[in-house]
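The values are calculated or read from the model by the stated rules, or taken from the named source; none is laboratory data. Just so it is clear, the model here is predicted, and its values are computed rather than measured. Glycine gets a Cβ as well: all are built from the backbone with ideal geometry, and neighbour counts include every protein chain shown. To get the accessible areas, we keep the full protein, side chains included, count just its heavy atoms, and leave off ligands, DNA and RNA. Shrake-Rupley method; radii C 1.70, N 1.55, O 1.52, S 1.80 Å.
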Amino acid sequence: MADEQALDEVVRFTSDLIRIDTTNRGGGDCRERPAAEYAAEQLAGAGLEPMLLERTEGRANVVARIEGSDPSADALLVHGHLDVVPAQADDWSVHPFSGEVRDGVVWGRGAVDMKNMDAMILAVVRGWAREGIRPRRDVVVAFTADEEDSARDGAGFLADEHPELFEGCTEGISESGAFTFHDGSGRQIYPLAAGERGTGWLKLSARGRAGHGSKVNKENAVTRLAAAVTRIGAYEWPLRPTATVRAALAGLAEVYGLDADLSDVDGLLRKLGPAAKLVESTVRNSANPTMLDAGYKVNVIPGEAVAHVDGRFLPGAEDEFRATLDRLTGPDVDWEFVHREVALEAPVDAPTYARMREAIEEFAPEGHVVPYCMSGGTDAKQFSRLGITGYGFTPLELPEGYDYQAMFHGVDERVPVGALHFGVRVLDRFLRTA
Ligand SMILES: [Zn+2]
(Lines give C-alpha, C1' and ligand atoms only; values in the text may rest on other atoms or scores of the structure.)
Protein backbone atom coordinates (compact mmCIF):
# COMPACT_ATOMS: atom_id res chain seq x y z
CA MET A 1 0.00 0.00 0.00
CA ALA A 2 1.32 3.42 -0.97
CA ASP A 3 2.65 5.28 2.11
CA GLU A 4 2.17 8.90 3.25
CA GLN A 5 5.37 9.99 1.58
CA ALA A 6 4.20 8.63 -1.78
CA LEU A 7 0.95 10.60 -1.40
CA ASP A 8 2.89 13.79 -0.64
CA GLU A 9 5.35 13.19 -3.45
CA VAL A 10 2.76 12.67 -6.16
CA VAL A 11 1.36 16.14 -5.49
CA ARG A 12 4.78 17.77 -5.33
CA PHE A 13 6.02 16.01 -8.48
CA THR A 14 2.90 16.97 -10.44
CA SER A 15 3.32 20.57 -9.38
CA ASP A 16 7.08 20.63 -10.04
CA LEU A 17 6.69 19.06 -13.48
CA ILE A 18 4.00 21.59 -14.45
CA ARG A 19 6.42 24.39 -13.47
CA ILE A 20 8.95 23.04 -15.95
CA ASP A 21 7.50 24.48 -19.16
CA THR A 22 7.67 21.75 -21.80
CA THR A 23 5.32 23.35 -24.32
CA ASN A 24 5.39 21.53 -27.63
CA ARG A 25 4.55 24.01 -30.38
CA GLY A 26 5.21 21.44 -33.07
CA GLY A 27 7.84 21.43 -35.79
CA GLY A 28 10.58 20.70 -33.25
CA ASP A 29 9.86 23.70 -31.04
CA CYS A 30 10.06 22.09 -27.60
CA ARG A 31 12.61 21.28 -24.93
CA GLU A 32 11.77 18.39 -22.61
CA ARG A 33 15.28 17.95 -21.22
CA PRO A 34 14.80 19.78 -17.88
CA ALA A 35 11.70 17.68 -17.15
CA ALA A 36 13.56 14.53 -18.19
CA GLU A 37 16.41 15.42 -15.84
CA TYR A 38 13.93 15.98 -13.03
CA ALA A 39 12.34 12.57 -13.61
CA ALA A 40 15.76 10.90 -13.88
CA GLU A 41 16.81 12.45 -10.57
CA GLN A 42 13.75 11.03 -8.81
CA LEU A 43 14.39 7.60 -10.33
CA ALA A 44 18.07 7.71 -9.30
CA GLY A 45 16.86 8.56 -5.79
CA ALA A 46 15.03 5.24 -5.87
CA GLY A 47 18.28 3.39 -6.62
CA LEU A 48 17.57 2.98 -10.33
CA GLU A 49 19.87 3.74 -13.24
CA PRO A 50 17.85 5.90 -15.60
CA MET A 51 19.14 6.57 -19.11
CA LEU A 52 18.64 9.89 -20.86
CA LEU A 53 18.25 9.48 -24.60
CA GLU A 54 17.99 12.17 -27.24
CA ARG A 55 17.55 12.05 -30.99
CA THR A 56 17.67 15.83 -31.08
CA GLU A 57 19.51 17.99 -28.57
CA GLY A 58 17.16 19.07 -25.78
CA ARG A 59 14.46 16.55 -26.65
CA ALA A 60 15.29 14.08 -23.88
CA ASN A 61 13.57 10.80 -23.04
CA VAL A 62 14.16 8.77 -19.86
CA VAL A 63 14.10 4.99 -19.56
CA ALA A 64 14.75 2.81 -16.51
CA ARG A 65 14.13 -0.83 -15.72
CA ILE A 66 13.06 -2.28 -12.37
CA GLU A 67 13.89 -5.94 -12.13
CA GLY A 68 10.99 -8.14 -11.23
CA SER A 69 11.07 -11.12 -8.85
CA ASP A 70 9.95 -13.61 -11.51
CA PRO A 71 12.55 -13.76 -14.30
CA SER A 72 10.27 -15.94 -16.44
CA ALA A 73 7.52 -13.30 -16.53
CA ASP A 74 7.11 -10.89 -19.45
CA ALA A 75 8.09 -7.30 -18.78
CA LEU A 76 5.56 -4.48 -18.51
CA LEU A 77 6.09 -1.00 -19.94
CA VAL A 78 4.77 2.02 -18.03
CA HIS A 79 5.11 5.21 -20.05
CA GLY A 80 4.15 8.86 -19.88
CA HIS A 81 4.97 11.82 -22.08
CA LEU A 82 6.75 14.89 -20.71
CA ASP A 83 5.62 17.49 -23.27
CA VAL A 84 2.40 19.50 -23.13
CA VAL A 85 0.36 21.50 -25.62
CA PRO A 86 0.57 25.33 -25.54
CA ALA A 87 -1.48 27.38 -23.06
CA GLN A 88 -2.56 31.05 -23.39
CA ALA A 89 -1.98 32.51 -19.91
CA ASP A 90 -4.57 35.29 -20.44
CA ASP A 91 -7.37 32.73 -20.73
CA TRP A 92 -6.53 31.02 -17.43
CA SER A 93 -7.62 31.65 -13.80
CA VAL A 94 -4.08 30.83 -12.61
CA HIS A 95 -0.83 30.93 -14.55
CA PRO A 96 -0.74 27.69 -16.59
CA PHE A 97 2.85 26.98 -15.54
CA SER A 98 2.47 27.87 -11.85
CA GLY A 99 1.70 24.33 -10.64
CA GLU A 100 -0.30 26.04 -7.91
CA VAL A 101 -2.06 23.84 -5.34
CA ARG A 102 -5.24 25.63 -4.31
CA ASP A 103 -8.16 24.23 -2.30
CA GLY A 104 -7.00 20.68 -2.83
CA VAL A 105 -6.51 20.98 -6.58
CA VAL A 106 -3.27 21.12 -8.61
CA TRP A 107 -3.56 23.62 -11.46
CA GLY A 108 -1.63 23.92 -14.67
CA ARG A 109 -0.91 22.67 -18.17
CA GLY A 110 -0.20 18.96 -17.92
CA ALA A 111 -2.19 18.40 -14.70
CA VAL A 112 -4.21 15.80 -16.61
CA ASP A 113 -2.28 15.35 -19.89
CA MET A 114 -0.13 13.88 -18.47
CA LYS A 115 2.30 15.09 -15.83
CA ASN A 116 -0.13 13.66 -13.28
CA MET A 117 0.67 10.12 -14.46
CA ASP A 118 4.38 10.90 -14.73
CA ALA A 119 4.27 11.96 -11.07
CA MET A 120 2.26 8.88 -10.08
CA ILE A 121 4.81 6.57 -11.70
CA LEU A 122 7.69 8.32 -9.91
CA ALA A 123 5.91 8.28 -6.54
CA VAL A 124 5.07 4.57 -6.80
CA VAL A 125 8.56 3.52 -7.84
CA ARG A 126 10.16 5.54 -5.04
CA GLY A 127 7.73 4.01 -2.55
CA TRP A 128 8.87 0.55 -3.59
CA ALA A 129 12.50 1.54 -2.97
CA ARG A 130 11.64 2.66 0.57
CA GLU A 131 9.74 -0.55 1.32
CA GLY A 132 12.15 -2.88 -0.50
CA ILE A 133 9.42 -4.09 -2.86
CA ARG A 134 10.03 -5.73 -6.19
CA PRO A 135 7.19 -6.20 -8.64
CA ARG A 136 6.65 -9.68 -10.08
CA ARG A 137 7.34 -8.62 -13.66
CA ASP A 138 10.16 -6.42 -14.85
CA VAL A 139 8.74 -2.92 -15.06
CA VAL A 140 10.24 -0.64 -17.69
CA VAL A 141 9.52 3.01 -16.99
CA ALA A 142 9.71 5.45 -19.91
CA PHE A 143 9.15 9.20 -19.97
CA THR A 144 8.94 10.44 -23.52
CA ALA A 145 9.35 13.61 -25.52
CA ASP A 146 7.26 14.77 -28.47
CA GLU A 147 3.99 12.90 -27.93
CA GLU A 148 2.00 16.03 -28.70
CA ASP A 149 3.55 16.33 -32.15
CA SER A 150 4.99 13.54 -34.30
CA ALA A 151 6.71 11.37 -31.60
CA ARG A 152 9.78 11.38 -33.86
CA ASP A 153 11.94 12.68 -31.02
CA GLY A 154 10.10 10.59 -28.45
CA ALA A 155 8.48 7.17 -28.47
CA GLY A 156 9.06 6.77 -32.21
CA PHE A 157 12.79 7.32 -31.71
CA LEU A 158 12.92 4.94 -28.72
CA ALA A 159 11.04 2.21 -30.58
CA ASP A 160 13.20 2.52 -33.71
CA GLU A 161 16.64 3.19 -32.22
CA HIS A 162 16.54 1.59 -28.76
CA PRO A 163 14.36 -1.52 -28.93
CA GLU A 164 16.80 -3.30 -26.60
CA LEU A 165 15.60 -1.16 -23.68
CA PHE A 166 12.13 -2.71 -24.03
CA GLU A 167 13.25 -6.29 -24.33
CA GLY A 168 10.67 -8.71 -22.98
CA CYS A 169 7.92 -6.07 -22.80
CA THR A 170 4.65 -7.51 -24.07
CA GLU A 171 2.20 -4.99 -22.64
CA GLY A 172 2.21 -1.33 -21.77
CA ILE A 173 0.06 1.14 -19.88
CA SER A 174 -0.24 4.88 -20.29
CA GLU A 175 -2.71 7.73 -20.55
CA SER A 176 -6.47 8.15 -20.85
CA GLY A 177 -8.20 5.34 -19.02
CA ALA A 178 -9.43 4.35 -15.56
CA PHE A 179 -10.89 7.74 -14.62
CA THR A 180 -14.30 8.24 -13.01
CA PHE A 181 -17.10 8.91 -15.48
CA HIS A 182 -20.24 10.19 -13.74
CA ASP A 183 -23.41 9.60 -15.72
CA GLY A 184 -25.48 12.06 -13.68
CA SER A 185 -27.62 9.38 -12.04
CA GLY A 186 -25.10 8.48 -9.35
CA ARG A 187 -23.44 5.69 -11.30
CA GLN A 188 -19.66 5.73 -11.56
CA ILE A 189 -18.03 4.14 -14.56
CA TYR A 190 -14.29 3.54 -14.97
CA PRO A 191 -13.57 3.22 -18.69
CA LEU A 192 -10.33 1.33 -19.28
CA ALA A 193 -8.80 1.90 -22.71
CA ALA A 194 -8.18 -1.25 -24.74
CA GLY A 195 -7.75 0.20 -28.20
CA GLU A 196 -7.18 3.33 -30.25
CA ARG A 197 -8.48 4.43 -33.59
CA GLY A 198 -5.82 4.99 -36.22
CA THR A 199 -4.86 8.47 -37.34
CA GLY A 200 -5.17 9.62 -40.94
CA TRP A 201 -4.47 13.33 -41.31
CA LEU A 202 -5.13 14.15 -44.94
CA LYS A 203 -4.23 16.84 -47.40
CA LEU A 204 -6.69 17.36 -50.26
CA SER A 205 -5.50 19.14 -53.41
CA ALA A 206 -7.86 20.28 -56.13
CA ARG A 207 -6.41 21.42 -59.46
CA GLY A 208 -8.22 23.46 -62.05
CA ARG A 209 -7.80 26.11 -64.68
CA ALA A 210 -6.64 29.47 -63.31
CA GLY A 211 -8.22 32.56 -64.81
CA HIS A 212 -10.24 35.75 -64.53
CA GLY A 213 -13.01 35.72 -61.95
CA SER A 214 -15.51 37.22 -64.40
CA LYS A 215 -15.23 34.43 -67.01
CA VAL A 216 -17.02 31.12 -67.35
CA ASN A 217 -14.87 28.43 -65.70
CA LYS A 218 -16.07 24.86 -65.30
CA GLU A 219 -12.68 23.81 -63.92
CA ASN A 220 -12.62 26.01 -60.84
CA ALA A 221 -10.31 24.46 -58.20
CA VAL A 222 -12.15 26.19 -55.34
CA THR A 223 -15.51 24.79 -56.44
CA ARG A 224 -14.03 21.32 -56.87
CA LEU A 225 -12.39 21.39 -53.47
CA ALA A 226 -15.48 22.77 -51.74
CA ALA A 227 -17.62 20.00 -53.26
CA ALA A 228 -15.21 17.30 -52.06
CA VAL A 229 -14.97 18.84 -48.58
CA THR A 230 -18.76 18.99 -48.36
CA ARG A 231 -19.12 15.34 -49.40
CA ILE A 232 -16.55 14.28 -46.79
CA GLY A 233 -18.06 16.40 -44.02
CA ALA A 234 -21.58 15.18 -44.72
CA TYR A 235 -20.70 11.52 -45.16
CA GLU A 236 -22.35 9.07 -42.76
CA TRP A 237 -19.73 6.42 -42.08
CA PRO A 238 -21.16 2.93 -41.59
CA LEU A 239 -21.06 1.27 -38.19
CA ARG A 240 -17.95 -0.87 -37.69
CA PRO A 241 -17.93 -1.91 -34.03
CA THR A 242 -14.66 -3.70 -33.27
CA ALA A 243 -14.10 -6.29 -30.53
CA THR A 244 -13.21 -3.57 -27.99
CA VAL A 245 -16.21 -1.44 -28.93
CA ARG A 246 -18.54 -4.44 -28.76
CA ALA A 247 -17.12 -5.27 -25.31
CA ALA A 248 -17.65 -1.62 -24.31
CA LEU A 249 -21.27 -1.69 -25.46
CA ALA A 250 -21.88 -5.03 -23.71
CA GLY A 251 -20.27 -3.73 -20.50
CA LEU A 252 -22.34 -0.55 -20.50
CA ALA A 253 -25.53 -2.43 -21.36
CA GLU A 254 -24.91 -4.58 -18.30
CA VAL A 255 -24.40 -1.53 -16.06
CA TYR A 256 -27.78 -0.18 -17.22
CA GLY A 257 -29.60 -3.52 -17.30
CA LEU A 258 -30.16 -3.23 -21.03
CA ASP A 259 -30.21 -5.84 -23.73
CA ALA A 260 -26.82 -5.66 -25.48
CA ASP A 261 -28.45 -5.63 -28.91
CA LEU A 262 -25.54 -5.10 -31.28
CA SER A 263 -27.80 -5.37 -34.33
CA ASP A 264 -29.06 -1.88 -33.37
CA VAL A 265 -25.98 -0.05 -32.11
CA ASP A 266 -27.45 3.43 -32.66
CA GLY A 267 -30.57 2.42 -30.71
CA LEU A 268 -28.43 1.08 -27.87
CA LEU A 269 -26.39 4.31 -27.82
CA ARG A 270 -29.62 6.32 -27.43
CA LYS A 271 -30.68 4.18 -24.47
CA LEU A 272 -27.31 4.60 -22.76
CA GLY A 273 -27.86 8.35 -22.29
CA PRO A 274 -24.77 10.31 -21.15
CA ALA A 275 -22.66 7.13 -21.03
CA ALA A 276 -22.99 6.88 -24.83
CA LYS A 277 -20.24 9.54 -24.94
CA LEU A 278 -17.74 6.83 -24.02
CA VAL A 279 -18.42 4.91 -27.24
CA GLU A 280 -20.16 7.10 -29.80
CA SER A 281 -16.96 8.41 -31.42
CA THR A 282 -15.56 4.92 -31.87
CA VAL A 283 -18.35 2.92 -33.49
CA ARG A 284 -17.35 4.13 -36.95
CA ASN A 285 -14.54 5.80 -38.88
CA SER A 286 -14.62 9.59 -39.11
CA ALA A 287 -13.23 12.37 -41.30
CA ASN A 288 -13.65 15.99 -40.25
CA PRO A 289 -12.53 18.80 -42.60
CA THR A 290 -10.47 21.21 -40.48
CA MET A 291 -8.46 23.56 -42.75
CA LEU A 292 -9.08 25.35 -46.06
CA ASP A 293 -6.61 27.27 -48.17
CA ALA A 294 -7.15 28.75 -51.62
CA GLY A 295 -6.89 31.91 -53.64
CA TYR A 296 -5.22 35.29 -53.21
CA LYS A 297 -7.61 37.82 -54.78
CA VAL A 298 -11.37 37.99 -55.19
CA ASN A 299 -11.31 38.41 -59.00
CA VAL A 300 -8.70 35.70 -59.66
CA ILE A 301 -9.61 32.00 -59.90
CA PRO A 302 -6.62 30.12 -58.48
CA GLY A 303 -5.22 27.03 -60.18
CA GLU A 304 -5.10 25.08 -56.93
CA ALA A 305 -7.04 24.76 -53.71
CA VAL A 306 -6.02 22.80 -50.60
CA ALA A 307 -7.85 21.43 -47.57
CA HIS A 308 -6.89 19.33 -44.57
CA VAL A 309 -9.03 16.66 -43.00
CA ASP A 310 -8.66 14.94 -39.62
CA GLY A 311 -9.46 11.31 -40.37
CA ARG A 312 -9.62 8.43 -37.87
CA PHE A 313 -10.14 4.78 -38.64
CA LEU A 314 -10.96 1.76 -36.52
CA PRO A 315 -8.83 -1.39 -36.33
CA GLY A 316 -9.53 -3.37 -39.47
CA ALA A 317 -11.26 -0.48 -41.22
CA GLU A 318 -8.33 1.33 -42.84
CA ASP A 319 -8.84 -0.12 -46.33
CA GLU A 320 -12.44 0.98 -46.25
CA PHE A 321 -11.31 4.42 -45.07
CA ARG A 322 -8.96 4.78 -48.06
CA ALA A 323 -11.49 3.52 -50.60
CA THR A 324 -14.16 5.82 -49.23
CA LEU A 325 -11.85 8.84 -49.47
CA ASP A 326 -11.03 7.93 -53.09
CA ARG A 327 -14.72 7.91 -53.86
CA LEU A 328 -15.66 11.06 -51.89
CA THR A 329 -12.85 13.19 -53.29
CA GLY A 330 -13.68 12.19 -56.86
CA PRO A 331 -11.59 12.54 -60.03
CA ASP A 332 -10.71 16.23 -59.68
CA VAL A 333 -9.31 16.17 -56.17
CA ASP A 334 -6.24 14.23 -54.97
CA TRP A 335 -5.70 13.21 -51.37
CA GLU A 336 -2.69 11.98 -49.44
CA PHE A 337 -1.76 11.17 -45.85
CA VAL A 338 0.33 13.90 -44.25
CA HIS A 339 0.38 11.83 -41.07
CA ARG A 340 -0.70 8.25 -40.58
CA GLU A 341 -0.64 6.08 -37.47
CA VAL A 342 -1.96 2.57 -36.93
CA ALA A 343 -5.14 1.62 -35.10
CA LEU A 344 -4.74 -0.56 -32.01
CA GLU A 345 -6.75 -3.20 -30.25
CA ALA A 346 -5.91 -4.89 -26.93
CA PRO A 347 -7.64 -7.99 -25.54
CA VAL A 348 -10.05 -7.44 -22.66
CA ASP A 349 -9.88 -11.10 -21.60
CA ALA A 350 -6.14 -10.86 -20.82
CA PRO A 351 -4.92 -11.42 -17.24
CA THR A 352 -3.38 -7.91 -17.25
CA TYR A 353 -6.78 -6.38 -17.98
CA ALA A 354 -8.22 -8.36 -15.05
CA ARG A 355 -5.45 -7.09 -12.73
CA MET A 356 -6.18 -3.49 -13.75
CA ARG A 357 -9.89 -3.99 -13.16
CA GLU A 358 -9.27 -5.54 -9.73
CA ALA A 359 -6.98 -2.68 -8.71
CA ILE A 360 -9.68 -0.13 -9.55
CA GLU A 361 -12.40 -2.16 -7.84
CA GLU A 362 -10.35 -2.43 -4.65
CA PHE A 363 -10.23 1.34 -4.21
CA ALA A 364 -13.50 2.24 -5.96
CA PRO A 365 -15.87 -0.58 -4.94
CA GLU A 366 -18.88 1.33 -6.33
CA GLY A 367 -17.25 1.74 -9.73
CA HIS A 368 -18.18 -0.19 -12.86
CA VAL A 369 -15.10 -0.99 -14.94
CA VAL A 370 -15.81 -1.20 -18.68
CA PRO A 371 -13.40 -1.30 -21.61
CA TYR A 372 -13.44 1.40 -24.26
CA CYS A 373 -11.62 2.39 -27.41
CA MET A 374 -9.92 5.80 -27.57
CA SER A 375 -11.11 8.01 -30.40
CA GLY A 376 -7.60 9.46 -30.81
CA GLY A 377 -4.08 8.15 -30.36
CA THR A 378 -1.15 8.00 -27.93
CA ASP A 379 2.49 6.88 -27.78
CA ALA A 380 1.16 3.31 -27.55
CA LYS A 381 1.03 3.39 -31.35
CA GLN A 382 4.82 3.79 -31.50
CA PHE A 383 5.51 1.08 -28.94
CA SER A 384 3.15 -1.29 -30.77
CA ARG A 385 5.93 -1.67 -33.37
CA LEU A 386 7.86 -3.58 -30.69
CA GLY A 387 4.95 -5.97 -30.22
CA ILE A 388 3.76 -4.16 -27.08
CA THR A 389 -0.01 -4.24 -26.52
CA GLY A 390 -1.15 -0.90 -25.12
CA TYR A 391 -3.80 -0.12 -22.50
CA GLY A 392 -4.93 3.30 -21.30
CA PHE A 393 -4.61 3.16 -17.52
CA THR A 394 -4.08 6.41 -15.62
CA PRO A 395 -6.31 5.86 -12.58
CA LEU A 396 -8.04 8.98 -11.23
CA GLU A 397 -11.01 9.18 -8.89
CA LEU A 398 -12.82 12.32 -9.96
CA PRO A 399 -15.66 14.18 -8.27
CA GLU A 400 -19.03 14.69 -9.92
CA GLY A 401 -19.16 17.86 -12.02
CA TYR A 402 -15.48 17.72 -12.92
CA ASP A 403 -15.31 17.63 -16.73
CA TYR A 404 -12.37 15.32 -17.36
CA GLN A 405 -12.55 15.37 -21.17
CA ALA A 406 -12.61 19.19 -21.21
CA MET A 407 -9.29 19.25 -19.31
CA PHE A 408 -7.32 17.71 -22.18
CA HIS A 409 -5.66 20.62 -23.98
CA GLY A 410 -8.27 22.85 -22.26
CA VAL A 411 -8.21 26.09 -20.30
CA ASP A 412 -7.79 25.79 -16.49
CA GLU A 413 -6.50 22.23 -16.71
CA ARG A 414 -6.35 20.91 -13.15
CA VAL A 415 -6.48 17.74 -11.09
CA PRO A 416 -7.77 17.16 -7.55
CA VAL A 417 -5.18 16.05 -4.98
CA GLY A 418 -7.55 13.23 -4.01
CA ALA A 419 -7.51 11.95 -7.59
CA LEU A 420 -3.71 11.80 -7.52
CA HIS A 421 -3.77 9.90 -4.22
CA PHE A 422 -6.25 7.39 -5.66
CA GLY A 423 -4.04 7.10 -8.74
CA VAL A 424 -0.95 6.26 -6.70
CA ARG A 425 -2.81 3.65 -4.66
CA VAL A 426 -4.36 1.95 -7.69
CA LEU A 427 -1.23 2.10 -9.83
CA ASP A 428 0.84 0.70 -6.95
CA ARG A 429 -1.64 -2.14 -6.42
CA PHE A 430 -1.79 -2.97 -10.12
CA LEU A 431 1.96 -2.88 -10.76
CA ARG A 432 2.70 -5.08 -7.76
CA THR A 433 0.24 -7.73 -8.87
CA ALA A 434 0.46 -7.49 -12.66
ZN1 LIG B 1 -1.36 13.01 -23.61
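A few points about this structure:
- For the chain, size of Cβ-based charge dipole, Lys and Arg +1, Asp and Glu -1, in debye: 1260 debye
- Using θ = phi - 60° and Karplus 6.51 cos²θ - 1.76 cosθ + 1.60, couplings along region 97-113 (whole Hz; Gly, Pro as x): 10, 7, x, 5, 9, 9, 6, x, 9, 9, 9, x, 5, x, 4, 10, 10
- Charging the Cβ of each Asp and Glu at -1 and of each Lys and Arg at +1, and nothing else, the dipole of region 198-341 about its Cα centre rounds to 600 debye.
- Over the chain, dividing the summed -39,500 (n - 2.57) contributions of all DSSP H runs of at least 4 residues by the number of residues returns a 222 nm mean residue ellipticity of -9500 deg cm²/dmol.
- Cβ-based net charge around VAL94, under 13 Å, with every Lys or Arg adding one and every Asp or Glu removing one: -2
- Protein accessible area in the chain, 1.4 Å probe - carbon and sulfur %: 47 percent
- Beta bridges by DSSP in the chain, antiparallel share as percent, to the nearest 5: 70 percent
- Solvent-accessible surface ranking, highest first, for ASP259, ASP264 at 1.4 angstrom: ASP259, ASP264
- Only one residue of VAL309, VAL298, GLY330 has its Cα farthest out toward the positive end of the dipole of region 198-341, where Lys and Arg carry +1 and Asp and Glu -1 on Cβ, and that residue is VAL298.
- Accessible solvent surface per residue of region 198-341, calculated while the other protein chains remain in place, 1.4 angstrom probe, Å²: 52 Å²
- Positive-pole candidate from ALA419, LEU344, PRO371, dipole of the chain, charges at beta carbon: LEU344
- Under-5 Å amide H pairs with THR389, H placed in peptide plane, nonlocal only: GLU171, GLY172
- Reach of LYS115 by Cα under 28 Å, taken over lysines that are not fewer than 8 positions away in the same chain: LYS277, LYS381
- Shape of region 65-145 from the C-alpha gyration tensor: prolate (a/c of 1.5 or more and a/b above b/c, with a ≥ b ≥ c the square roots of its eigenvalues).
- Choice from LEU239, LEU278, LEU48 with maximal GNM fluctuation in the chain (Cα, 10 Å cutoff): LEU239
- Under 10 Å, Cβ to Cβ, from HIS308 - net charge with Lys/Arg +1 and Asp/Glu -1: -1
- What the pair-distance distribution of region 198-341 shows, using all Cα-Cα distances binned every 10 Å from zero, is 11, 33, 24, 17, 10, 4, 0 percent.
- In terms of its alpha-carbon gyration tensor, region 379-434 comes out oblate; a/c meets the 1.5 threshold, while b/c is at least as large as a/b.
- Taking amide H as placed 1.01 Å from N in the peptide plane, the amide H of HIS308 sits under 5 Å from that of LEU204, THR290, MET291, LEU292, each at least 5 places away or on another chain.
- Per residue accessible area of region 351-426, 1.4 Å probe, in Å²: 35 Å²
- Per residue, the accessible area of region 25-171 comes to 38 Å², computed with a 1.4 Å probe over protein heavy atoms only.
- Put simply, the Cα atoms of region 306-390 extend 58, 30, 20 Å along their principal axes, the longest span coming first.
- By the Cα gyration tensor, the chain has an equivalent ellipsoid whose semi-axes, rounded to whole angstrom, run 39, 26, 21 from largest to smallest.
- Unit charges at the beta carbon, dipole of region 167-253: most positive-side option, TRP237, TYR190, LEU249: TRP237
- Over all other residues within a Cβ to Cβ distance under 11 Å of ALA75, the charged ones net out to -3, with Lys and Arg as +1 and Asp and Glu as -1.
- Region 267-330: C-alpha pair distances exceeding 13 Å, %: 74 percent
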